[in-house]
Every structure is written in C-alpha cells, then in structure tokens.
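A short worksheet on the structure shown next.
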Amino acid sequence: MGRRTLLSIVAVAATIGVFIVVGLSSGHKALSAAVTPNWSLAVLSLLVAASVQPFRALAWSTTLRAPVGFRALYCSSSVGSLLDTLLPGRLGEASKAAVLRVAAPGRWPGFSRAAGSLLCSHMLEACAFCMTGAAGAAFLPLPAWAKIGLAAGCALSLGAILLAGTLHRRIGHRLPRAVDRFFAGAWAPPRVLAKAGAILLATWVVRLIAIMLMLHSLGIRAGLGVTLVYMIVTGLANTAPLLPGNAGIYQGAAIGALALAGVSGTHAAAVSLVAPVYATAGTGIAAAVGLALYGRRFLEIARVAILRPQPIPA
C-alpha cells in the first residue's frame, strides 16, 4: 500500500471519527436538525457558494497575465478547490497546476509561472478576507485574537507579494530560471493587484450570502452581523486544515463563532456538523461544471488531478 493511499485512508477515518464524536456529543436533536434543513434554502446556498469559483478563476487569470483561457483556469481552480475539501493540509492546491497543464496544453505557461501567479492570487484572497473582517471588526463582538489575526494576515499576505517582487527585481538574474519565474509570477504591478483584489473582495461578499443562506436553512435567523462573525472566525480556523474539511477544528470554531453572536444550542451544533458538507457540495457543483466543459475528456482531467499529469488526447 502506497503512502498516498495510506494517508488518504487515515485522513478519511479520522474525519469520520471526528464527525461521529461530535454528532454523538451533540445529541439526537442536533443530528435531527442537521439532516432536516430547509431544502430550498440549502440548495440556494450551494448554488451561491458554487458561483464563487468563476470569480476565483478570473482573479487567477488576472495575476497569471497569460492567454491561457478562462475555461482551463476555471476547471483547474474548481477541481483543485474540491480536492482541498477532501484532502488534508491543502493538498488540493498542488493539483491546480497539474490540471491546468493538461487542460490548456498549447498555452501552458510553465509550472513556475502558474504556481507563482496562483500564490499571488491566494495572498490577495487572504488580504481581501482580512479587509472584509476589518470592516466589521469595529461593530462585531470579535475576540482580540481574531482582530490580531486579521491584521497579521493582511500584513503577511501583502508582504509575501512585495518580497517576491523584490527578489525578482534585485537577485532574480542570479537565481535558477524556474525560481525567478516563480517569483515573477507571485508578483504583479499595482494595477493588476488592485484588479484581482477587487475581484476577490467580491468573492467574500458572495460567500457571506451563501453562509447566511446556510445558517437560515438550519434554523438560525442570522443577520449580517452574526454571519460576519461566523465567516471571520471559521475562516481564520480554516487557514491550515489538518483533516479534510478541517474536521475537528472547524466544529469548535463554528460553535464558538455562533456563541460570540449569542447563538447556541441544537441549531448551532447542527451547523457545526453540516457546514463542512455544504462546503464540499458547493465546490463539487462548481467542479462538475468545470469538468463538463471538457465533454468526453473530463475523465482524463479528473484522473490527472488525483494521480499525475498526463496528456489529454486531441
């Protein structure tokens, strides 16, 4: 048995164990509420969540600054995001460049450029999240650690982009070409950064709406304030998932976030159980659309996302 297979089995088993423990400790009422949501709102929440992926692909296209094609970027981004919710430790991110290589073979910009621009997009997305949180921190009951985390996250994200640009300009000619291309891809002119940042800021607005619909589908009449608190606290907890869906940490963060907003009990426990499933289902819808855009070739793309890059037949 290979290490990858063993890791996947252990991760899935640990995740199932976490959900069983949380479910049993939450009681029968919480489990009942989790499996009997308002289905109309639940489906609407999933569709809104799935609509985030085109924005993320557009932002990646902006930082990539290469004529790769939106279809290939959307497919790569959505499939990788789905794997992020199924694999531990953000391992799904590695598949995005692999999928892009086979989805756009004639326009492949190279691994270094693709990976660098993807990192730049992620740093801008983190900064947009921090800006969204900072906008609500003035009137939301956020703990001090959350406010510090938002400020530090924004500073580190922008600092990483500036550092990449500095290394590219100052010592790039002394570095291996692949490394220099990575730093060049991880940096972009201010105009490009502003455009991509604005797009990614819009993604958090869309996610806010999806989360609000999800909370309402599970019986929590959440307004803008409650939804913002929930999104900020769970977003900070989701920065480094050890298990698929960040199982364990996410459940505690979800219950804690709702408690900060004055919401507790059966419905809060139900949210902590169901929210990771919503996240996987939403990205699954987006990934299915991305794969469907390639018609009969979707099996080859799905295979390369999980295994290794292989050329797609013409």
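Readers should treat all values here as calculations from the given coordinates under stated rules, not as data from a laboratory. Treat the numbers as computed from the prediction; the structure is a model and nothing was measured. When we count neighbours, we look across all protein chains shown, and the Cβ atoms used for this are built from the backbone with ideal geometry, even at glycine.
What does the C-alpha gyration tensor say about the overall shape of region 72-201? Classify as rounded when a/c is under 1.5, otherwise prolate if a/b is larger than b/c, or oblate.
oblate
Using DSSP to call loops (not H, G, I, E or B), can you name the chymotrypsin sites (Phe, Trp or Tyr not before Pro) in region 55-163 whose Cβ has at most 16 other Cβ atoms within 10 angstrom?
When the chymotrypsin sites (Phe, Trp or Tyr not before Pro) of region 55-163 are filtered for loop state and at most 16 Cβ neighbours within 10 Å, 139 remain.
Residues of region 103-131 with amide nitrogen under 17 Å from the 7 Å Cα-to-Cβ point of residue 71?
103-108
For labels at residue 40 and residue 224 in the simple 7 Å Cα→Cβ model, what's the distance in nm?
That separation, rounded to one decimal, is 2.5 nm.
With the crude spin-label approximation of a point 7 Å out along Cα→Cβ, what separation in nm comes out for residue 145 versus residue 259?
For residue 145 paired with residue 259, the spin-label model returns 1.2 nm.
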